[in-house]
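The values are calculated or read from the model by the stated rules, or taken from the named source; none is laboratory data. Keep in mind it's a predicted model, so treat the numbers as computed, not measured. Counting neighbours? That spans all protein chains shown, and the Cβs are built from the backbone with ideal geometry, glycine included.
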Amino acid sequence: MLAAGLLAWFLVHQRRGRALKSRFGDEYDRTVEDIGKRGEAEAELLEREKRVKSLDIRPLTFSQRAAFSNKWTEVKTLFVDSPAEATLHADRLLVHDAGAGLSDGRF
């Protein structure tokens with residue numbers, strides 16, 4: 001009975017890990033490497049997923065996408081000559097124009 005319970009627990013966690021790896025891709029591997037423990041990394045990814053689901057994410061209109069794309073191209077071009085300035089512009093573009101910023105400063 002105990003062996004069956006342990007096997008079931010193992011299979012559930014293994015399936016959860018595969019599902020997270022499928023959804024997060026390379027981010028899964030980076031998070032496991034950064035945290036060092038697979039279980040803790042998976043808990044972190046589940047928390048990220050929960051936080052993102054709580055966001056009010058709306059698609060941009062065609063004109064908003066075009067404007068954002070043009071500004072983003074300008075930022076990438078600026079990065080070659082002035083990475084620090086380009087980073088400030090990128091932050092402003094993401095936080096203000098795209099509305100991606102969160103009150104806690106995370107994206």
Revision key, fill the gap. Note on the range 51-64: residues surrounded by 12 or more Cβ atoms within 10 Å (Cβ to Cβ) and under 17 Å from HIS96 (Cβ atoms) are LEU60, GLN64
Exercise for review: Select from the range 4-43 the residues that are polar (S, T, N, Q) and modelled with pLDDT of 80 or more and list them in ascending order.
Suggested key: SER22, THR31
Review point. Which residues, counting only those in the range 38-50, are surrounded by 10 or more Cβ atoms within 10 Å (Cβ to Cβ) and either β-branched (Val, Ile, Thr) or without any contact (Cβ under 8 Å) to a residue 12 or more places away in the chain (or both)?
Key: GLU40, ALA43, GLU47, ARG48
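Here is a yes/no grid of residues against (1) in a helix (DSSP H, G or I); (2) aliphatic (A, V, I, L, M); (3) modelled with pLDDT under 90:
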| residue | (1), (2), (3) |
| --- | --- |
| LEU45 | yes, yes, no |
| LYS50 | yes, no, no |
| ILE57 | no, yes, yes |
| GLN64 | yes, no, yes |
| SER69 | yes, no, no |
| THR73 | yes, no, no |
| PHE79 | yes, no, no |
| THR87 | yes, no, no |
| ARG92 | yes, no, yes |
